[in-house]
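Novice: After the structure tokens below, expect a handful of questions from me.
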Amino acid sequence: MLTNIISFIIVFGILVFVHEFGHFIVAKKCGIMVREFSIGMGPKLFYYRRNHTTYTIRLLPLGGYVRLAGSVDDEEDEIKPGTIVMLQLNNAGVVTKIDLSKKNKLFKGIPFQVADADLVNGLWIEGYENGNEDEKKRLNVDHDALIVQKDGIEVQIAPADVQFQNAPAWKKLLVNFAGIFNNVLLAIVAFMFLAFLQGGVESNSNQVQVSNTNPHVAKTVGIKDGNRILSVNGVKTDNFQSLATQIEKQPNKKVTLTVKDKKKTKQVKLVTDSKQINKQKIGVIGVKQTLNTSFGAKVMSGFTTTWTMTKSLFGALWQMVSGHFSLNSLGGPVAIYANTSEAASLGLVGVVQFLGWLSINLAVVNLIPIPALDGGKILLNIIELIRRKSLSEKTEMIITMVGFIFLAGLMILVTWNDIMRYFIR
């Protein structure tokens, strides 16, 4: 149980970190302020601030986020009139820190009742110092000034020149696409690593290796490593998949194989063995795919496996939107936990394979043009590029909210279905 939980946290944590790091690093390179890079959701367990960004680990290992200054989901640096804050000034009398938390006592802090403030364009704060309401003061605010939020976390103010909403459309598109791109990269690396773990790449030819474990049926009738099985009962087997399909159909039955070695082709008769998979009996003869152990094949397998899975997932999505939708074809955190547990039982190979599969799933799903997903944001960026002007903040917020409500409702349905599927039925 503990192993399963740890495996789930590691796999989910890697997925979230890699995805969000894509948004984070591209935003930084584009000159957009990243207020917070969080792994996990809910109450904060730990935070660390460096180079204008607060790095946070939160209690629930079910996601994460990158909070960009000026994005739809960013909290503005708005200080309501009448708010009592503590200000810290530099030697020039410019505000360098504004404390809203009332938890910390700033060194040489000045109590200040805010009358008005502009922390985006004008960079000033106006109000009354030390409760003296007879003299209103306006103080300049440093471009890189910090705000201590009510929860005690320090964030930098976001002047207009570093806000996401003011960035060119092409920069916003790059930031939104970066998470998807990183998940594709993670899948490639995972499948590449898997090939090295397994010692090679399975070549989908009809050339076989004789298994050293039971059953020994193929070995007993003289089939050797490197032999090609050309047909089963007269049915051509051009690749290993077609060979396996024909053998699996015939558990504990007599079959005739056409086998070719380096010198000749011969007919071999044998009785298949059988084993149970998912409560179904299938035929086996004790052969496996030949491995291509070259370095190049192992490296290329990362790309080819990722591409094959991507095509398969897009095909599955098309099936769903063309009238074959089923909640069982979707999975949330509960399904991921259940599948991670199953993968963990297979050891490191199973976990790495599942990580690659899950990463490419996340990339493809995020490409769907639903508001609140990266794909929806990318679509809005493309529209902005075509129109040469952005949508109004209100319109974008409404679109995002509709998408969020849809996704939240879908997630509730999927999670309930997963609980019923894995733990109750």
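Novice: Tell me, yes or no, whether the stretch 384-399 has at least one residue that is at pLDDT 85 or above and buried (at least 18 other Cβ atoms within 10 Å of the Cβ).
Specialist: Yes; the residues of the stretch 384-399 include at least one that is at pLDDT 85 or above and buried (at least 18 other Cβ atoms within 10 Å of the Cβ).
Novice: State whether one or more residues within the stretch 247-265 are closer than 24 Å to Gln198 by Cβ, in contact with a strand residue (DSSP E or B) (Cβ under 9 Å, 6 or more places away or on another chain) and not assigned by TED's automatic domain parsing to the domain that holds Val365.
Specialist: Yes, some residue in the stretch 247-265 is closer than 24 Å to Gln198 by Cβ, in contact with a strand residue (DSSP E or B) (Cβ under 9 Å, 6 or more places away or on another chain) and not assigned by TED's automatic domain parsing to the domain that holds Val365.
Novice: Considering only residues that are closer than 26 Å to Gly356 by Cβ and of a type in the set (S, T, N, Q), which ones fall in the stretch 261-310?
Specialist: Asn278, Gln289, Thr290, Asn292, Thr293, Ser294, Ser301, Thr304, Thr305, Thr306, Thr308, Thr310
Novice: Would you check if there is a residue in the stretch 236-245 being under 17 Å from Leu291 (Cα atoms), part of a strand (DSSP E or B) and of a type in the set (Asp, Glu)?
Specialist: no
Novice: Sticking with this one: Given the options Ile180, Ile125, name the one that is surrounded by 15 or more Cβ atoms within 10 Å (Cβ to Cβ), farther than 30 Å from Ser359 by Cβ and of a type in the set (Val, Ile, Thr).
Specialist: Ile125
Novice: For Ser301, are the conditions met, namely being among the small types (Gly, Ala, Ser) and either surrounded by fewer than 12 Cβ atoms within 10 Å (Cβ to Cβ) or not assigned by TED's automatic domain parsing to the domain that holds Asn361 (or both)?
Specialist: Answer is no for this residue.
Novice: Follow-up question, since we're still on this one. Being at pLDDT below 90 and either on the phi < 0 side of the Ramachandran plot or not in a helix (DSSP H, G or I) (or both) is the requirement here; does Asp116 meet it?
Specialist: no
Novice: Given (1) surrounded by 12 or more Cβ atoms within 10 Å (Cβ to Cβ); (2) touching a residue at least 60 places away in the same chain (Cβ under 8 Å), where does Lys102 come up short, assuming only one miss?
Specialist: Unmet condition: (2).
Novice: Shifting gears a bit: Of all residues in the stretch 262-284, which are outside any strand (DSSP E or B) and at pLDDT below 85?
Specialist: Residues satisfying the conditions are Lys262, Lys263, Asn278, Lys279.
Novice: In the stretch 130-232, which strands (runs of 3 or more DSSP E) lie fully inside it and hold 3 or more residues that are outside the structural domain of Val352 (by TED's automatic domain parsing), modelled with pLDDT under 85 and under 26 Å from Ser274 (Cβ atoms)? Steps first, please.
Specialist: On the way: elements: 136-148, 154-156, 208-210, 228-232.
Per the criteria, 208-210.
The values are calculated or read from the model by the stated rules, or taken from the named source; none is laboratory data. Just so you know, these numbers come straight off a predicted model, no measurement behind them. All Cβ positions, even for glycine, are placed from backbone atoms using ideal geometry, and neighbour counts span all protein chains on display.
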